[in-house]
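Peer 1: Quick one: the structure is below, and I'll ask about it shortly.
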Amino acid sequence: METIAFFNLKGGVGKTTSAVNIAWHAANEGIPTLLWDLDPQGAASWLLNTKAKEKTRPKKILSGKTPIGDLVRPTDYEHLDVIPSDFSLRHLDQQLISQSDQGKRNLIAKLVEPFGENYALVVLDCPPSFSLLTEQIFETADSLYVPIIPTHLSLRTFEQTHEFFKQNKLKPKRLHAFFTMVDRRRSLHRVMLTHPPKMLKNGLPTPIPYAAAVERMGDYRAPLPSFDRASPVSRAYAQLWQDIKATLKEFSA
């Protein structure tokens, strides 16, 4: 099983839409895939037209009183399941601190591990912050993918993430940035695409263009390629999935 995560300190950069579309592409290839929506906003859950059966109780999940498998819900797509989020996950960090020996044990890794029996790929959609939760996600994921708009402020969030990994000995080579919401009419976007900063040397080559088609995911409450495979942005996500597969040992052959 491979575990991957989509993360950015900044919201509104295409993190969740990328996680949903990549999970769909994996499942569409017949790879048993689970997307765990760990963002209290629950956008990935909403886009996949799923919701938790009942209010999530982080304390019971972390203590094992609620088996994590009980939270899994099917989607409308073969080979793709989801653990939906709800707003109660905003308390997950507090529970991690109280139940993981002040953060010494990685409870997220412990919860993810059993899914290897049923899934080949687990996709984690992360909240946009540094916290004990995201630290444990960073330790758990085999690879992390960071969407970046080609601007200096967006690039700075990647710098901060990269520095955090270095300071905490979290193997920064597992970080793979990729450009999103690219508008080639903007000179700065064109410059960054043509001459990517050196810190993005482990980045993915396929940029995701800015396109209104992505907003239609909200109209359909569905992954983009499930209703549109012809638009440039949909084709870009298909290629991005190929880029991601090349970084994963289990699927790169």
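The values are calculated or read from the model by the stated rules, or taken from the named source; none is laboratory data. As the structure is a computational prediction, the values presented were derived from the model and not from experiment. Cβ atoms come from the backbone with ideal geometry, glycine included; neighbour counts cover every protein chain shown. Only protein heavy atoms, including side chains, enter the accessible area calculation; ligands, DNA and RNA are left aside. Shrake-Rupley method; radii C 1.70, N 1.55, O 1.52, S 1.80 Å.
Peer 1: Counting just the residues of the stretch 148-201 that are touching a Pro at 6+ places or on another chain (Cβ under 6 Å) and more than 29 Å from P232 (Cα to Cα), which one comes out most open to solvent (accessible area, probe 1.4 Å)?
Peer 2: K166
Peer 1: Could you please let me know if D142 is among the charged types (D, E, K, R), open to solvent by less than 30 Å² (accessible area, probe 1.4 Å) and touching an Asp or Glu at 6+ places or on another chain (Cβ under 9 Å)?
Peer 2: For D142, the condition - among the charged types (D, E, K, R), open to solvent by less than 30 Å² (accessible area, probe 1.4 Å) and touching an Asp or Glu at 6+ places or on another chain (Cβ under 9 Å) - is not met.
Peer 1: If L204 satisfies all but one of (1) open to solvent by 30 Å² or more (accessible area, probe 1.4 Å); (2) closer than 20 Å to A5 by Cβ, what's the number of the condition it fails?
Peer 2: Looking at each condition in turn, L204 falls short on (1).
Peer 1: If you check every pair at least six apart or on different chains, which have Cβ atoms under 7 Å apart with a residue in the stretch 190-207 that is within 22 Å of K245 (Cα to Cα) first and a residue that is open to solvent by 80 Å² or more (accessible area, probe 1.4 Å) second?
Peer 2: Taking only residues 6 or more apart or on different chains, the pairs are N202/K173; T206/Q239.
Peer 1: Looking at I61, I31, which is the one that is part of a helix (DSSP H, G or I) and either on the phi > 0 side of the Ramachandran plot or aliphatic (A, V, I, L, M) (or both)? Spell out how you get there, then give the answer.
Peer 2: Values: I31 fails: part of a helix (DSSP H, G or I).
Among I61, I31, only I61 is part of a helix (DSSP H, G or I) and either on the phi > 0 side of the Ramachandran plot or aliphatic (A, V, I, L, M) (or both).
Peer 1: Do the conditions hold for R216, that is, is it open to solvent by 30 Å² or more (accessible area, probe 1.4 Å), without any contact (Cβ under 8 Å) to a residue 40 or more places away in the chain, within 24 Å of S45 (Cβ to Cβ) and part of a loop (DSSP other than H, G, I, E, B)?
Peer 2: Numbers: open to solvent by 30 Å² or more (accessible area, probe 1.4 Å): yes; without any contact (Cβ under 8 Å) to a residue 40 or more places away in the chain: yes; within 24 Å of S45 (Cβ to Cβ): yes; part of a loop (DSSP other than H, G, I, E, B): no.
The answer is no for R216.
Peer 1: How many residues are outside any helix (DSSP H, G or I), over 15 Å from the mean Cα position of the chain (by Cα) and closer than 20 Å to P172 by Cβ when one looks only at the stretch 131-158? Even if it seems obvious, please write down each step before you answer.
Peer 2: As a first pass, look at the stretch 131-158 and keep what is outside any helix (DSSP H, G or I): 131, 141-151.
Retained after the next criterion (residues that are over 15 Å from the mean Cα position of the chain (by Cα)): 131, 149-151.
Still in the list and also closer than 20 Å to P172 by Cβ: 131.
Residues in the stretch 131-158 being outside any helix (DSSP H, G or I), over 15 Å from the mean Cα position of the chain (by Cα) and closer than 20 Å to P172 by Cβ: 1 in total.
Peer 1: I've got another one for you. How many residues does the stretch 228-249 hold that are in a loop (DSSP other than H, G, I, E, B), of a type outside the set (D, E) and touching a Ser or Thr at 6+ places or on another chain (Cβ under 9 Å)? Can you show your working first?
Peer 2: Going through the stretch 228-249, the residues in a loop (DSSP other than H, G, I, E, B) turn out to be 228-231, 248-249.
Those still in the list that are of a type outside the set (D, E) too: 229-231, 248-249.
Within this subset, residues satisfying the condition of being touching a Ser or Thr at 6+ places or on another chain (Cβ under 9 Å) are 248.
Total meeting the criteria: 1.
Peer 1: Test of understanding: among I4, I22, I97, which residue is assigned to a helix (DSSP H, G or I) and modelled with pLDDT of 90 or more?
Peer 2: Working: I4 fails: assigned to a helix (DSSP H, G or I); I97 fails: modelled with pLDDT of 90 or more.
Testing whether each residue is assigned to a helix (DSSP H, G or I) and modelled with pLDDT of 90 or more leaves just I22.
Peer 1: Just need a number here: residues in the stretch 171-189 that are small (G, A, S) and either part of a helix (DSSP H, G or I) or in contact (Cβ under 8 Å) with a residue 60 or more places away in the chain (or both). Step through it out loud before you land on a result.
Peer 2: Taking the stretch 171-189 as the starting set, the residues that turn out to be small (G, A, S) are 177, 187.
With the extra rule that they be either part of a helix (DSSP H, G or I) or in contact (Cβ under 8 Å) with a residue 60 or more places away in the chain (or both), the set shrinks to 187.
The total comes to 1.
Peer 1: Sort through A19, A43 and tell me the only one that's open to solvent by 20 Å² or more (accessible area, probe 1.4 Å) and not charged (D, E, K, R).
Peer 2: Values: A19 fails: open to solvent by 20 Å² or more (accessible area, probe 1.4 Å).
Exactly one of A19, A43 is open to solvent by 20 Å² or more (accessible area, probe 1.4 Å) and not charged (D, E, K, R), namely A43.
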